[in-house]
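Okay, structure first, notes after.
Derivation of every value follows stated rules applied to the coordinates shown; laboratory data play no part. Keep in mind that this is a model prediction, so the values were computed, not measured. Ideal geometry is used to build each Cβ from the backbone, glycine not excepted, and the neighbour counts take in all protein chains shown.
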Amino acid sequence: MIYFILISVLLLLMIAASVYSIIQKDLLYAVLATGIISLILSILYYLLQAPDVALTEAAIGVALTTIIFVITIRNTVRMEDESDKKEKFKSAVK
Amino acid sequence: MDNTLFGYLNYAVYGTAVLVILIGLYGTMVKKSLLKVVIGLSVSDSGLNLLIVAIGYYKGGTAPIFSPGFLENFKSVSKMVDPVPQALVLTAIVIGFGVTAVALALVIRLYRHHGTLNIDEIKNLKW
Amino acid sequence: MEMIHIIFLIFLGGAVLTYFSGKISKVLQDIFFLASVLVPAYLFFAYVGAGREATLSLGGITLIWGVNHFSWLFSLIVLGLGSMAAIYAIGYMKGKKRKGYFYFNFILSIMAMMGILLSIDLISFFIFWEIMTWSSYLVTIYNGHDIQRIGIKYFVFSAIGAYAMLMAIVIVHHLTGSFLMSSMINFYPNMSLSMQIWIPVMFLLAFGVKAAMMPLHVWAPDAYSNAPMAYTSIFSGALSKMGIYGMVIVLVTMINQIPQGFWFREVIAWLGGITAAIGTLWAIKQDDAKKLLAYSSVAQLGYIITGIAIGTELGMLAGLFLAVMHALFKGTLFMVTGAIEKQTGTTNFNEVTGLIRKMPWTFIAALLSIIALAGIPPLGGFVGKWMLYESLITSNHYLLVIVIFFSSTAAFLYCYKFLFGFFLGQEEKEWAHVKEAPAVMVVPMLIMAVMMFVLGTFPGIILKPINSGLMDLGFVDSFKHLWESSVILNVWGNHVVLQPILYWIIGIFVFFMIFLTWKGFKTTRYVSTKDISSSGEVPADDENLTFSVGFMQPFMRAVAPAMRRQIDKYYNGIADGLESLFEFIRRIYTGNGQTYTIYVIVFVVIVLLFKNILF
Amino acid sequence: MKKVLVILLLATLGYYVAGTYFDIGFGQPHFIKGLLPVKDIYLAQTVKSLKVSNAVTSIVVNFRGFDTLGEVTVLFLAVTALGSILYKKMNVLGERSVLFSSSSIVTSGSKLLFPAIILLGFYVFIHGHLSPGGGFQGGVIIASGFLLMLLAYENYSVSHTALSVVESLAGITFAGVGLLGFMHGGTFLQNFLPTGVLNHLFSGGIIPIIYIAVGFKVGAELTGVIYTVLHEKGESNG
Amino acid sequence: MVGTPVLFIAIPLLAAFLIPLLGMIWKELVRIVPGLVLTYLLILAVNLLVHVLAHGPVVEVIAGWVPPIGINLVFSVFSGFLVTLMIFLGLLVWAYSYRFKRNVDYEPALKYFLMLMMLITGSVGIVLTGDIFNMFVFIEITSISGYGLTAFYKGRDSAEASFKYVLLGSVASTFLLLAIMIIYSQLGTLNMADIANKIHLMNPTLKIVSYIFFVTALGIEAEIFPLNGWAPDAYAEAPGPVGAAFAGIVVKASVYAIIRYTFTIFDLSGAFNFLIIIGMITLIVAETAAIRQEKLKRMLAYSSIGQMGLVLVAFGFGTEEGVFAALFLMLNHAIIKSLLFFSGSYLVYNSKCKYIKEVNGMSKFLPVTSLLFALGAFAIVGLPPFAGFWSKLSVMTAAADSNMILIMVLVLMVSVVELVYYLRVVNRIYFFKKETAIEPKKPTFNALVVMIVLGVIILAIGFYPDVVTGVLHKASASLMDKSQYIHHVLSLRQ
């Protein structure tokens, strides 16, 4: 029962995160959402008795993919509509 | 966990996986920003991987690892989940990462070249 | 290694050698060129007779070559005219650029035509047909003038024809399991009716294009006039005869075997008649000798097509006799035009006049071939036309006779224009320096002029081979007694004694010539075109008062309604429409990667939706 | 308009894909009855002839080792392609992107964590045949260790040559071990070492060797990827 | 000892890992080693092909696990022929581009030759492998090399082309994995022969859906019409020899994959007609799009797509003659289109946009290159006596024997279109005045040699097609014999 609820909640979260990552105009948050998808995925993999895959997904999906996305955003633009190109990542973080 | 609930999981897991794939594809096909396109690809990859792992799962199965004592306790391997999809997914994840990296590098170069990420403005090659 | 192999090897090796020897020496190139045309011609007539066969196995298909009387007749045209044109070409091409290119394609064209004639199986027929097409195409675009239109038009029509033929060939192969012509012919009566109709139609499409049959003729005027004249003489004289050759085979061996063949023959005969009429009208309108001769060729091929399509023995003989004669006189006329072009640099009647004293030998050749063309006795054209009328009347094609008669009378107009425009009329100062063409060009023309005379006076010389050729095709020879050297019978059995009439006509002609010359030398005052006094006004310098300007205006006004509809325009409309369609198709590739992704999904979804139908 | 069309298309596609997979069924035995799926053979042979505890490892490295060889090649190629795409002629290494300036807590923390992460990575791929994890996972962990250092220290640098050498040597080890399988008339990637005892560190024949090579290779490659991308200072219209 | 098929993969991979090290020793080695590897592979391939022609297919198991447990490589006459062709072309591409990049730095040269070698290896792997997931891996190897090579030049819009390729390539791998998992979830195996043996047990709906996904995924690589948006861009923007490699090697491999799925693995009766339909649409759209192109390489790309459509049509006849014709077409297309890409890229070498009008009058400056381009153009439109004619003839014969009159009409009509645009370009080369101030670039010696070799092959096949027809007949017979394939793979014992 708990297993069921856990999985259902994770699945719902995953859908929500993926929708968020697509509709979010701020690419940085969208990328973070994909990181969250990966995180949820790796928990799901663990629940589905795939520890190897869970490890890989956690390392690659959460850490590496997210970071190269972030670097790319840093090198290009942060907002999707690009109306205000001046607003860049650096100013947002500081 | 009873069978009815597990029956729902059939729809929940596969449905979610397919839905995530489709959401990713939607982002790829509709969003104007190149980065969004790549994000869409990455999202749909996630859904796909979930789908593959889900195929290998058996109700009440254990991870395919013969930890000490496993054989003594269970005597049979039929209680294990299918390791093959897991192996395939390992490969798929790594390959997906490689492709994503290449795509992002291309995004950086396109931005350098065009000064924008809007896919409608990057159409020098057509017809 | 049969002699046929050797002949083809000489052609092929000669072509390559000629092309590359130009890098060493121009004279060597000329020698190689002549050798690679004349040597195979000699070898062919000396050593290859009917019944000799040579085979070559390529890609699992056996190619068979051999000769029968019918193909021997056409070989005569090809190699005879080819040799003459080759000698002529030496003079014509002197000092021109891309000589090697021209020679290479010239030799390949001759080889391809010989290959077509010698082919016994359909595949080698098709191969040589295509080689002929592209080699002639390459010469057509030799000038580089307007080639994207003219050259492509020629090739597209040829390709459509050739591909139709290819389809027919593979269907025949499917039906009979063999590529041999004989098996196709033997199997033909057993085919289903639709195949019995479609296979000849597809073959005739190919042959009709090459024979410039309406409505497939639109390429011909441009292509004929655009190629170098040395080549056009074989282009119009021999290459178009390949279409006739194929048509005769299809008509005799296939269409005549089915009852529906009658309608086939009617349609083709009528198409030929209309071609003749239209070609003549357009020829009259031209101011350029090349164009004029090109349209005239189309018209003459119309007669030939009509003759062979009538299907009676006499009609067939008339068509083939005209084919031989056409090769001779049209070859000569194109050579004449080439000589004038070589010497003056232009072929426009409005510019060149009064060359008779500058180029007398050329004039004689032109005069004789014009007489032949117009169908005036004693030269060959007369005999052919006579036979054509005879056959049309005896087969009750009275309406067609009127059409043919109209066009052959109208042909006088352009013949006159050609002769007068170039040779007679006032002399221009501009052309005072013009000399007679070099001997290497004049001699072939004169030889052919003499041939015309001989064949016109003694038609039996060539009618005999034609007859035996038709017998080889399986044509019933009911006119065996008809041929003495110059005696022709009509169907009612009355002798039409040609010779007395001919001698009379020759006598009058010779007398007339002597009279004219004598009188001319005595009293003629040579004036330039500007040396006139029209109401005391001195014509301006830039005013073109040449004889030929506005020569045919009244006549053209009379026939203008008939010429308003040009088939060319319809084809151009189709081509433009297609190009815009293609432009639209090109826009499918929008350049947006997302659109392409959507295409992928659309594809998947469509296939998924129709999966029950598809799989 | 376009969005509606796309959603309709995707809905149709989703209907078919989901329908197909619903048919397959989740958590139930879905193989056609009467067939012997290869996974049963894999599970049996993992213990019986390879003496490897982790069935995923045995599949990835031995049964389907060829896939893995291809996979590390894909990563290798991705690094190559990345370098080729972002290659700049004038200054071989672009200016380093600085994501954020780290406080001293972060830097010292990273310094402390780095050896631990690297050690974890080594542990993971050395024990790949015994426990969850293996070459990929270990390699990725090592790469994330380097990532941490690269993020925390602006001047931290990895020798490109060293990465390339490690990568190449690891690759050669993999392919070379595979070719050594031809000894004794065997086949490519065939085990030629004694397999040892189940659940011992030195068991599984060549599997640990290959997995270690894969670990080094993946670690080096992923570090290379991050390193290359990180040295791609943003400059618009450059 | 004739060698084993696994060396086709292992040796290039080993070399690929070695090359960066070797480059540190002597920089020229990064150019030389791929050539040596390809030469060795060519020798190996010819050797094996001769052996296979005499003794039947060689099935190589990997890691000692017989199929269906392990991965296996199958070197039958069919796959062996394609492998030999690909490696031969790869060697030519290598030789052609040996000094192509001499003026740029060491690093790009290293990457160029590395990726080129892996492009070839990946394609060879696709053809050789007997395992559907392994094929996915090789497709990815090929694709990633392709992405890198497409984006190789900085000065052009190559990144854009490459991005489109990545986009569609990712979609392709999504569909491929979906399809593979459907098969696996039903049959529990990934081995082709084993799948082919058991496919009749599968639920038809699942079977059809997975087939559709396979064709979609592979069709993206094989440039089937609605899926080929990436192809013209990639061909046009990639370096010239890479365009030839795409046309001659990558697409061949993908078509092979489609054919293997259709002929051997799946037993769907409608699949052949499906191939004809998509092939026909591809042929028509691509060839008609080509006629209005303004850029030379784009035109060649569309022409290449169209030819592959024709290949699919020929395969779709489903008869041995059809397969023979398709193989002949593939061979001719590989050789001729490579020649066109090679010579064409010199004709527009120094121009930025590669417009067709920029080839005007190049015959005076580049006589041999122009002549070879003209030869290639004549050959590819199927004029006798050049190589293209025989394949066109065999396609027509096969079509007639399958009673596909409409297909014949359409194919021939499209051929006319093809004729028009090729002749227009040739006319421009020879008869137009050179327009702009673009400096023609003389081909390097090795490029010239490669082009002449290709030209000689075209003439040789044209004048004496028997040099290849024997192998082609055996290859087509080996593809048609499905049960023999299954038997050869599954009869292996430990």
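Observations
- For chain C, the longest principal axis of the alpha carbon atoms and the long axis of helix C:26-47 meet at an angle near 80°.
- Computed over the Cα atoms of region E:218-364, the ratio of the radius of gyration to the Kirkwood radius (Rg/Rh) comes to 1.02.
- Relative frequency of Cα-Cα separations exceeding 33 Å in chain C, percent: 47 percent
- Chain A: DSSP helices with Cα axial extent of at least 20 Å and average Kyte-Doolittle hydropathy no lower than 1.0: A:2-23, A:27-47
- Diffusion constant of region A:2-93 at 20 °C, which comes from Stokes-Einstein with the Kirkwood Cα-pair radius and 1.002 mPa s, µm²/s: 151 µm²/s
- Reach of residue C:611 by Cα under 16 Å, taken over lysines that are not fewer than 8 positions away in the same chain: E:207
- For region C:228-288, fraction of C-alpha pairs farther apart than 13 Å, in %: 73 percent
- Partner aspartates and glutamates for residue E:111 [C-alpha distance under 14 Å; skip if fewer than 8 residues away on the same chain]: E:28
- Pairs spanning more than 21 Å between alpha-carbon atoms, out of E:27/E:352; C:96/C:153; E:364/E:433; C:342/C:385: E:27/E:352; C:96/C:153; C:342/C:385.
- In terms of its Cα atoms, region C:94-197 spans 57, 27, 15 Å along the principal axes, sorted from long to short.
- Taking 23 Å as the limit for the C-alpha separation, the pairs B:59/E:198; C:210/C:290; C:99/C:241; E:198/E:474; C:94/E:441 exceed it in the case of B:59/E:198; C:99/C:241; E:198/E:474; C:94/E:441.
- Share of pairwise Cα separations in the protein assembly as shown, more than 60 Å, in percent: 30 percent
- Cα pair distances in region C:259-500, grouped into 10 Å bins until the bin that holds the longest one, percent each: 8, 32, 32, 19, 8, 1, 0
- In loop segments of region D:1-67 as defined by DSSP, the trypsin sites (Lys or Arg not before Pro) with at most 12 further C-beta atoms inside 10 Å of their C-beta are D:33.
- Normalised alpha carbon radius of gyration of region E:390-494 [divisor 2.2 N^0.38 Å]: 1.68
- Debye equation applied to the C-alpha atoms of region D:123-238, log10 I(q)/I(0) at 0.15, 0.19, 0.24 Å⁻¹: -0.73, -0.98, -1.25
- Remark: the Cα gyration tensor places region C:61-151 in the oblate category, a/c being 1.5 or greater and a/b not exceeding b/c.
- Anchor residue C:285: aspartates and glutamates whose Cα lies under 15 Å away (excluding residues fewer than 8 positions away in-chain): C:222
- Cα convex hull, chain E: 130 Å³ per residue, rounded to a whole number.
- Per residue, the convex hull spanned by the Cα atoms of region D:31-230 measures out at 149 cubic angstrom.
- Rg(Cα) / (2.2 N^0.38 Å) computed for region B:3-114, rounded to two decimals: 1.42
- Count of Lys pairs (Cα-Cα under 30 Å; at least 8 positions apart or interchain) in chain D: 14
- Put the Cα centre of region D:1-54 next to the Cα centre of region A:57-74 and the gap is 28 Å.
- Low-density loop positions, trypsin sites (Lys or Arg not before Pro), region B:32-122 - DSSP coil, at most 11 other Cβ in 10 Å: B:75
- Computed on region C:259-500, with alpha-carbon pairs under 8 angstrom and 6+ residues apart, the relative contact order is 23 percent.
- Span from the region C:387-448 Cα centroid across to the region E:107-135 one, whole angstrom: 70 Å
- Of the DSSP H helices in chain D, those whose Cα atoms cover at least 27 Å axially and whose Kyte score averages -1.0 or more: D:2-24, D:65-85, D:104-126, D:160-180, D:207-230
- 20 Å Cα-Cα threshold exceeded, pairs from C:330/C:435; B:31/E:164; E:337/E:434: C:330/C:435; E:337/E:434
- Counting only alpha carbon atoms, the long axis of helix C:122-140 and the longest principal axis of chain C meet at about 50°.
- Relative contact order of chain E, pairs being alpha-carbon contacts under 8 Å that are 6 or more residues apart, as %: 16 percent
- Using alpha-carbon coordinates, inclination of helix E:271-291 to the longest axis of chain E, degrees: 10 degrees
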